[in-house]
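The values are calculated or read from the model by the stated rules, or taken from the named source; none is laboratory data. Because the structure is a prediction, the values reported are computed rather than measured. Methodologically, a virtual Cβ is constructed for each residue, glycine included, from the backbone with ideal geometry; neighbour enumeration extends over all protein chains shown. We work out accessible area using only protein heavy atoms, side chains counted, and drop any ligands, DNA or RNA first. Shrake-Rupley method; radii C 1.70, N 1.55, O 1.52, S 1.80 Å.
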Amino acid sequence: MEFKDKGSYEVSDKAKDMKVLIVHARWNEKVVNALVNRAAERLVELGVAKTNIDIVSVAGSYELPFGVYAHNKNDGVTPFKETNTSRYDATIAIGTLIKGDTMHFEFIADAVAKELMSLQFKISRPIIFGLLTCFTEEQALERAGLIEGHRNLGEDWAEAAIEMAAKLK
Ligand code: DLZ
């Protein structure tokens, strides 16, 4: 029996009015590009207009939380307030960390996960966790659908973005 699956997904008809932001790191470009492309493609399949999807990059995964914060701000200057919520209905933060010989991986993975989680409640919008934390390059290629027989997780992140954004619509 297969226990590790994502369950069934119900498509929301609210997607056609949504604006979605994808913020991605530039490290591990091949994997990240495949994840970003599939996430954007799936958003369109779900009904989001291509013109309502913005894609921006940051240097590495450590920069993802600030990139999400900066690009969600309405006027680019004032801090978020209750009346100053994001211009995006959802954000997908995408990066790939591959473990090296030091503790770098652990520090970044932990810091980014915690910050993206709490940032959602500051900007009052869902942020989807598209950070792969892999022990090997092969694991990363698998999760980006770049090894035969494996699914690209970008599509799950797009579905999660629409599902969570629909809760506020
Ligand atoms: C420095 C670094 C290393 C070693 N590995 C990765 C990685 O596998 N994936 C990734 O997205 N970023 C990596 N970075 C860059 C850091 O995330 C960050 O950009 C720098 O430490 C500068 O803050």
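Quick notes on this one:
- Considering (1) open to solvent by 80 Å² or more (accessible area, probe 1.4 Å); (2) farther than 22 Å from V31 by Cβ; (3) free of Cβ contacts under 8 Å to residues at least 60 places away in the same chain, the lone condition that L168 does not fulfil carries the number (3).
- When restricted to residues that are among the small types (G, A, S) and open to solvent by 60 Å² or more (accessible area, probe 1.4 Å), region 1-11 contains 1.
- Scanning region 85-105 for residues that are at pLDDT below 90 and either open to solvent by 50 Å² or more (accessible area, probe 1.4 Å) or closer than 30 Å to C134 by Cβ (or both) returns S86, R87.
- Only listed residue being modelled with pLDDT of 95 or more and surrounded by fewer than 20 Cβ atoms within 10 Å (Cβ to Cβ), chosen from E82, E142, E159, E163: E163
- Checking each residue in region 116-138 for being in contact (Cβ under 8 Å) with a residue 24 or more places away in the chain, surrounded by fewer than 18 Cβ atoms within 10 Å (Cβ to Cβ) and assigned to a helix (DSSP H, G or I) picks out K122, E137.
- Top-ranked residue in region 24-59 [being more than 11 Å from the ligand (Cβ to nearest atom) and of a type in the set (K, R); ranked as farthest from G95 (Cα to Cα)]: K50
- Residues being outside any loop (DSSP other than H, G, I, E, B) and open to solvent by less than 30 Å² (accessible area, probe 1.4 Å) - total across region 12-65: 20
- Residue check, Y62 within 16 Å of the ligand (Cβ to nearest atom) and either in contact with a strand residue (DSSP E or B) (Cβ under 9 Å, 6 or more places away or on another chain) or modelled with pLDDT under 95 (or both): yes
- Looking across region 145-156, just one residue is on the phi > 0 side of the Ramachandran plot and buried (at least 17 other Cβ atoms within 10 Å of the Cβ), and that is G145.
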